[in-house]
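The values are calculated or read from the model by the stated rules, or taken from the named source; none is laboratory data. Just so you know, these numbers come straight off a predicted model, no measurement behind them. Cβ placement follows ideal geometry from the backbone for every residue including glycine, while neighbour counts extend to all protein chains displayed. Accessible surface areas use protein heavy atoms only, side chains included; no ligands, DNA or RNA. Shrake-Rupley method; radii C 1.70, N 1.55, O 1.52, S 1.80 Å.
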Amino acid sequence: MTGKIKLNAASGGGSVSLQAPSSSGNDRVYTVPDIGSDGTLATTATAGKILQVVQSIKKVASSHSTSDSFVDIGISATITPTASTSKLLIKTDITWSASNNTIFSGKLYDGSTEITDANTTSATSTNAWFAAYSKASTTAIFADQINNLSHSYLYQMSDTNAHTIKVYGNGQSATLYINRRAGSADRQGTSVITIMEVAA
């Protein structure tokens, strides 16, 4: 008796082999679900399957004088897709603050290349991936504000190279603060970027 079961197609097609582990003591039991209808076994190529997840947490505070341009704000993660047909689901959660009456705009970059398909196309001034607003009735209230922003994007990259996805920020002419409030560095939070490879 051999340690392999081979199933051949009825009309000359391919075959499927089930082979026992090569090492003794490595017994495996796979139980077929007792369900009332037929089904299909999922594989790593099944569309919509999550193939891998990477996450990076920015744990320190930073400030950025952006001068109404987009700069790297230190939120990034690197992933190497297992298949060129996969897509990358990018999710960000950002803790931020800025001067009163300031718009915080953000863009996605793949290395040094802007992912322009993630941006709006209808702005009269600045097209961006996200935009958030910092406003308060008094300077004292504004200085104590700390905000949280979440956003996502499904990115098609079409290769299996390593991709470093970065968030760039624009705080207009004001200082942009990440992971802290504008008025003080006493109480802080974190910012997170999560990237999931999705089979397509």
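Test ALA174 against the stated conditions and say whether it is among the aliphatic types (A, V, I, L, M) and in contact with a strand residue (DSSP E or B) (Cβ under 8 Å, 6 or more places away or on another chain). Please lay out each step first, then the result.
On the way: among the aliphatic types (A, V, I, L, M): yes; in contact with a strand residue (DSSP E or B) (Cβ under 8 Å, 6 or more places away or on another chain): yes.
Judged against the criteria, ALA174 is a match.
Based on what the data block shows, is LYS91 assigned to a strand (DSSP E or B), in contact with a strand residue (DSSP E or B) (Cβ under 6 Å, 6 or more places away or on another chain) and surrounded by fewer than 18 Cβ atoms within 10 Å (Cβ to Cβ)? Walk me through it before giving the result.
Numbers: assigned to a strand (DSSP E or B): yes; in contact with a strand residue (DSSP E or B) (Cβ under 6 Å, 6 or more places away or on another chain): yes; surrounded by fewer than 18 Cβ atoms within 10 Å (Cβ to Cβ): yes.
Yes.
If we keep just the residues of region 32-66 that are among the basic types (Lys, Arg) and surrounded by 13 or more Cβ atoms within 10 Å (Cβ to Cβ), which is modelled with the lowest pLDDT?
LYS49
Looking only at region 141-167, how many residues end up being outside any loop (DSSP other than H, G, I, E, B), open to solvent by 40 Å² or more (accessible area, probe 1.4 Å) and in contact (Cβ under 8 Å) with a residue 24 or more places away in the chain? Walk me through how you get there before you give the answer.
Within region 141-167, the first condition is being outside any loop (DSSP other than H, G, I, E, B), and the residues that meet it are 141-144, 147-156, 163-167.
Filter once more, so that each one left must be open to solvent by 40 Å² or more (accessible area, probe 1.4 Å): 141, 144, 148, 150-154, 156, 164, 166.
Now drop any that are not in contact (Cβ under 8 Å) with a residue 24 or more places away in the chain, which leaves 144, 148, 150-154, 156, 164, 166.
Matching residues across region 141-167 total 10.
Provide a single number: the residues in region 72-118 that are more than 15 Å from SER150 (Cα to Cα) and not charged (D, E, K, R).
Filtering region 72-118 down to residues more than 15 Å from SER150 (Cα to Cα) leaves 72-74, 77-88, 98-103, 109-117.
Add one more test, that the residue is not charged (D, E, K, R), and what stays is 73-74, 77-86, 88, 98-103, 109, 111-113, 115-116.
Within region 72-118, residues that are more than 15 Å from SER150 (Cα to Cα) and not charged (D, E, K, R) number 25.
Could you check, for region 100-122, whether at least one of its residues is surrounded by 16 or more Cβ atoms within 10 Å (Cβ to Cβ), in contact with a His (Cβ under 8 Å, 6 or more places away or on another chain) and in a loop (DSSP other than H, G, I, E, B)?
no
For a quick check of your reading of the model, give me the residue pairs whose first member lies in region 171-200 and is more than 18 Å from LEU51 (Cβ to Cβ) and part of a strand (DSSP E or B), whose second is aromatic (Phe, Trp, Tyr) and at pLDDT 90 or above, with beta-carbon atoms closer than 9 Å and at least 6 apart or on different chains.
LEU176/TRP96; LEU176/PHE104; TYR177/TRP96; ILE178/TRP96; ARG180/TRP96; SER191/TRP96
Mind listing whichever residues of region 67-88 are crowded, with 16+ Cβ neighbours inside 10 Å and among the hydrophobic types (A, V, I, L, M, F, W, C)?
Matches in region 67-88: PHE70, ILE73, ILE75, ALA77, ILE79, LEU88.
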